[in-house]
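Worksheet for the structure shown next.
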Amino acid sequence: MKRISSVLTAMLIAVFVLSACGTPATAPVENPPTEKPAATEAPVATEAPAAEKVLTIIDPVVTKDFSPLRGGGPTVRQLSLWWAPPVWADMKGELHPMVFASWSSSPDFKVWTFKIDPKAVFSDGSPITAEDVKGTWELCTQPLTKHQRVSLFFSGVVGYDEAVAGNATTLPGIVVKDASTVEVTLKASDPIFVNRIATNLIGPVKISQARGADGQEIVDWWHAENKPAVSGPYMPVAMDVETGSVEFVPNPNWWGPKPKLTGIKYFAMEDGAAAIIMLKNGEADINMHSDMPTTFDELGAEYVGTSMPATPVLQYFWINSNVPPMDDLNCRKAFVMAANPEEMFKASHPHGPGEYGTTLLKQLLGDRETNKPTTNNPEGAKAAFELCSYKDAMPKIYVAGTTNPQAEVAAQVLIEQWRQVLGIQETEMVPAMDKLSVADQAKVQVFRDDVGTRVFDATSLLLGSIYSKSGNAQAKMGGYLNAAIDALIEAASALPPSDPNRDLKALEAEKLALEDFVFIPWYDEGPTMHMMPWVLNYSRNIDWQIVEPWNLDIDLSKRP
Amino acid sequence: MARYIFWRLMRWIPGVIFLLFIVYALMFFGGGDPIQIMFSKEATDAFLPGNPRYEAVKEQLGLNRPFLVQFGDYLWKVMRGDFGISLNDSRPVAKSLFAALPITVSIALSATAIIAIVGIPLGVIAALNQNRWPDNLILSSALFFWGIPTFVAAPLLMMLFCWQFPILPVPRGWAGVFTVNAIIPLTVASIRPMALVIRQARSAVLDVLSEDYIRTARAKGLPEWVTIIKHALRPVLTPVITQMGVVMTNLLAGSLLLEIVFGIPGIGRLIRDGILNNDYSMLLGCTLVILALVTLTNLLVDISYPLLDPRLKQAQRGDV
């Protein structure tokens with residue numbers, strides 16, 4: 001028995017030792033220290049002392065890589081808290097200075113000059129220089145940096161192709177003119193280049209910290225323990241990549257509006273049920289993303305609401321006009337007119353968020369006169385169907401891209417509308433194309449997918465949706481090509497945003513697409529809020545970034 | 001004993017290489033393209049084979065080499081203590097493993113200790129009260145808890161103790177065994193396998209109680225507690241320890257759900273991430289660690305047998 005006792009004792013000691021060795025990853029922590037004395041905070045009558053004003057954000061995905069150079073995925077969702085963008089766009093799409101105080105372009109829009117704000121400094125007090133901007137953007141193009149969206153911003157820059165292929169570590173198209181001036185030379189005219197770079201996904205980093213002698217990103221340079229010099233309103237003071245948690249405090253050298261919070265805790269909570277309890281208890285204030293069947297009932301409509309940005313994502317059903325029966329204009333017309341997007345949206349998203357779809361450009365040009373939608377016209381659909389050459393020999397209709405429950409519901413409603421209005425019987429929903437044989441893949445007539453634009457610009461949206469060289473037109477619309485539409489989009493894209501003809505030509509192109517009946521709108525999607533009612537001034541843009549993070553606030557009197 | 005341990009470890013090596021080969025082959029040939037997975041999170045870039053950027057990443061990560069070359073290179077690096085860089089998060093795999101290992105092991109050891117401390121006495125009590133109400137209560141409770149899967153027990157306990165009767169915070173992460181945050185995860189980890197140990201202990205005690213030497217002890221007039229503690233319990237522990245070894249192995253290798261639900265950064269979660277991201281280096285590193293832990297557990301169980309039953313010493317001496 002003595003030996004058994006010894007073994008048991010040894011096991012218990014091992015438990016104690018291992019427990020001590022275990023990373024105290026997310027141990028409850030004290031409120032992070034504020035960098036400024038509490039006395040300097042403006043008094044808020046109804047709220048607790050400023051030192052306790054700590055916002056908690058949870059994320060269902062464990063992020064182990066907090067590099068600001070990844071450009072996409074869950075890893076970048078908190079970027080705007082600690083990295084300033086070159087230029088920032090508000091929820092109406094209007095541009096404002098940030099790191100760059102001003103910008104100008106050559107008359108042909110091929111050379112852009114950016115002047116860095118003399119007040120722009122990193123959290124260590126050092127100025128943000130043109131070298132930092134150039135180095136950051138070059139690092140983004142390196143293959144091993146794995147920036148998810150670098151082509152959206154820099155594919156037009158001279159030298160981009162060599163850099164992304166790993167054949168160069170510098171971009172000759174980006175030139176440091178002096179310590180606070182950067183000049184960017186493009187391969188072709190781009191009147192909206194400055195709009196493209198209005199994003200947190202390419203915010204300048206202190207390049208001497210981030211880039212090694214080999215021109216590649218230094219591993220973990222961004223980790224809080226390495227004390228990275230950051231440029232946003234908040235800075236990290238603690239980080240545990242194994243649990244995806246970061247603690248932020250206000251950046252004492254932030255040159256923008258003073259942050260309203262004294263701290264932000266950001267950590268992963270993968271389990272949806274646990275996340276809901278934390279939100280209800282007040283242990284968390286914002287969930288970066290969460291969709292449980294019980295979310296609406298548990299947390300209410302306000303929680304699942306949306307901040308519709310100037311650049312929504314359009315969830316549409318795209319028609320391949322090259323396969324039967326959609327190669328007949330009258331058939332397409334009948335299928336589009338028979339659809340009722342409002343009913344589809346109500347069925348798929350009874351509590352929102354978002355708005356049912358109408359036309360491609362309605363959200364972008366909402367205050368102006370836009371084209372009329374062509375859906376929800378049963379009588380017109382029936383009349384067109386009479387002229388449809390496939391009326392008596394209708395092939396099976398495939399609806400692909402029903403990859404999530406909401407898309408399935410919308411597709412079911414759409415198919416039922418076709419049945420009721422047109423008498424269409426033979427249909428099949430296909431979650432993914434590879435579920436079909438190769439022969440049947442070529443027959444798919446309708447494909448559900450989203451399109452969007454991160455630039456507040458109608459022409460950019462059309463370039464990514466119905467323009468023949470867009471991925472959407474090629475992959476989802478079966479290589480859609482309408483020469484007249486292409487010509488209008490190309491003409492529009494050569495004009496500066498300030499030229500009213502740019503939008504007029506875009507509207508004209510959209511009108512042609514509407515008359516061609518090549519898409520069925522479903523709904524316009526904005527980033528879901530997933531915040532509790534006591535969170536103030538919170539909105540997110542298409543990059544999942546918190547817009548105006550310095551204004552983020554909480555009403556502690558309402559928090560449980 | 002040293003010779004025995006040495007040969008046990010020697011037998012482990014070819015098994016490890018074979019298993020790593022299988023895992024690597026499964027991921028290489030059937031797991032999808034890690035680069036496409038890497039860039040498919042939210043990317044709008046067309047990132048397909050043939051694209052110069054795709055090819056550049058593939059080359060720079062060494063993923064364009066033949067299967068056997070890649071596997072051989074991996075093995076060579078592992079032998080030198082280099083577990084490689086995670087394809088997904090670009091960080092050294094060893095760093096993640098060394099952070100996760102103590103957490104998974106401490107959970108498994110703690111749960112095993114709880115199971116032993118609570119489960120074995122309950123099994124003994126059930127056996128001593130065979131077919132009476134304590135036996136029925138213990139066995140039916142064990143069956144009940146055995147029937148509740150982890151993914152049900154975890155949210156139910158959280159709803160109960162964090163929301164309906166909010167006496168505990170929502171557990172997240174891992175700050176050590178002796179923290180409030182550990183109460184629910186350890187309960188969930190131990191309650192199900194405890195049913196197995198209770199049943200095993202009960203069955204073993206019943207077997208032993210019918211042995212001649214127990215009858216003799218009772219006939220000598222020894223107090224019942226002395227008979228049970230001194231004479232019955234020791235042989236009972238052999239099958240129970242075997243069962244505990246299995247439980248421990250399952251806790252080490254099967255902590256995935258527990259770690260996801262409670263946000264515990266252990267090995268299970270690394271495995272999940274490795275599979276989802278087709279992260280060769282991470283998954284192979286986790287496989288290696290799990291193998292080592294399972295082997296070590298089995299070795300400890302084997303070593304404990306002669307301590308419990310000296311007759312087994314001879315058997316082990318011949319076991320090479």
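The values are calculated or read from the model by the stated rules, or taken from the named source; none is laboratory data. In this text the structure is predicted, and so the values were computed from the model without any measurement. When we count neighbours, we look across all protein chains shown, and the Cβ atoms used for this are built from the backbone with ideal geometry, even at glycine.
Residues in the stretch A:422-448 that are assigned to a helix (DSSP H, G or I) and exposed (fewer than 14 other Cβ atoms within 10 Å of the Cβ): A:434, A:435, A:438, A:439.
Screening the stretch A:85-176 for helices (runs of 4 or more DSSP H) wholly inside it with 2 or more residues that are in contact with a Phe, Trp or Tyr (Cβ under 7 Å, 6 or more places away or on another chain) returns the ranges A:130-141.
Checking each residue in the stretch B:120-136 for being crowded, with 16+ Cβ neighbours inside 10 Å and either among the aromatic types (Phe, Trp, Tyr) or away from chain A (no Cβ under 14 Å) (or both) picks out B:122, B:123, B:124, B:125, B:126, B:127, B:128, B:135. Selection within the stretch B:262-277: residues that are surrounded by fewer than 24 Cβ atoms within 10 Å (Cβ to Cβ) and facing chain A (nearest Cβ under 10 Å). The member of this set that is nearest to residue B:218 (Cα to Cα) is B:272. Among the candidates A:327, A:297, the residue that is of a type in the set (Asp, Glu) and in a loop (DSSP other than H, G, I, E, B) is uniquely A:327. You will find that of A:126, A:104, the residue that is in contact with a strand residue (DSSP E or B) (Cβ under 6 Å, 6 or more places away or on another chain), hydroxyl-bearing (Ser, Thr, Tyr) and away from chain B (no Cβ under 12 Å) is A:104 and no other.
If you go through the stretch A:511-521 one residue at a time, do you hit one that is under 21 Å from residue A:275 (Cβ atoms) and in a strand (DSSP E or B)? Among the residues of the stretch A:511-521, not one is under 21 Å from residue A:275 (Cβ atoms) and in a strand (DSSP E or B), which makes the answer no.
Scanning the stretch A:149-166 for residues that are among the aliphatic types (A, V, I, L, M) and touching a helix residue (DSSP H, G or I) at 6+ places or on another chain (Cβ under 9 Å) yields A:150, A:152, A:157, A:163, A:164, A:165.
This table checks each residue for (1) of a type in the set (Lys, Arg); (2) on the phi > 0 side of the Ramachandran plot.
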{"site": "A:490", "(1), (2)": "no, no"}
{"site": "A:497", "(1), (2)": "no, no"}
{"site": "A:502", "(1), (2)": "yes, no"}
{"site": "A:511", "(1), (2)": "yes, no"}
{"site": "A:525", "(1), (2)": "no, no"}
{"site": "A:530", "(1), (2)": "no, yes"}
{"site": "A:538", "(1), (2)": "no, no"}
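The number of residues in the stretch A:183-204 that are out of contact with any Pro (no Cβ under 9 Å at 6 or more places or on another chain) and in a strand (DSSP E or B) comes to 3. Pairing residues of the stretch A:173-185 that are more than 15 Å from residue A:197 (Cα to Cα) with residues that are part of a strand (DSSP E or B) and of a type in the set (Lys, Arg), at Cβ distances under 9 Å and at least 6 apart in sequence or on separate chains, gives A:180/A:115; A:181/A:115. Note on the stretch B:278-295: residues that are surrounded by 21 or more Cβ atoms within 10 Å (Cβ to Cβ) and more than 15 Å from residue B:105 (Cβ to Cβ) amount to 8.
Within the stretch A:223-246, the set of residues being surrounded by fewer than 23 Cβ atoms within 10 Å (Cβ to Cβ) and either away from every other protein chain (no Cβ under 11 Å) or hydroxyl-bearing (Ser, Thr, Tyr) (or both) comprises A:224, A:225, A:226, A:227, A:229, A:237, A:238, A:239.
Could you look through the stretch B:137-182, keep only residues that are in contact with a Leu (Cβ under 7 Å, 6 or more places away or on another chain) and away from every other protein chain (no Cβ under 11 Å), and pick out the one that is nearest to residue B:124 (Cα to Cα)? That would be B:138. Only residues that are more than 9 Å from chain B (Cβ to nearest Cβ), β-branched (Val, Ile, Thr) and surrounded by 19 or more Cβ atoms within 10 Å (Cβ to Cβ): list them for the stretch A:277-297, please. Within the stretch A:277-297, A:286, A:295 meet the criteria. The residues of the stretch B:56-78 that are closer than 13 Å to residue B:22 by Cα and in contact with a helix residue (DSSP H, G or I) (Cβ under 6 Å, 6 or more places away or on another chain), listed by number, are B:67, B:71. The set of residues from the stretch A:249-266 being in contact with a strand residue (DSSP E or B) (Cβ under 7 Å, 6 or more places away or on another chain) and over 15 Å from residue A:76 (Cβ atoms) comprises A:249, A:250, A:251, A:253, A:255, A:259, A:260, A:261, A:262, A:263, A:264, A:265. May I ask you to verify whether residue A:199 is closer than 30 Å to residue A:459 by Cα and either within 14 Å of chain B (Cβ to nearest Cβ) or out of contact with any helix residue (DSSP H, G or I) (no Cβ under 9 Å at 6 or more places or on another chain) (or both)? Spelling it out, residue A:199 is indeed closer than 30 Å to residue A:459 by Cα and either within 14 Å of chain B (Cβ to nearest Cβ) or out of contact with any helix residue (DSSP H, G or I) (no Cβ under 9 Å at 6 or more places or on another chain) (or both).
Residue A:374 meets the stated requirement of being modelled with pLDDT of 95 or more, in contact with a Ser or Thr (Cβ under 9 Å, 6 or more places away or on another chain) and part of a loop (DSSP other than H, G, I, E, B).
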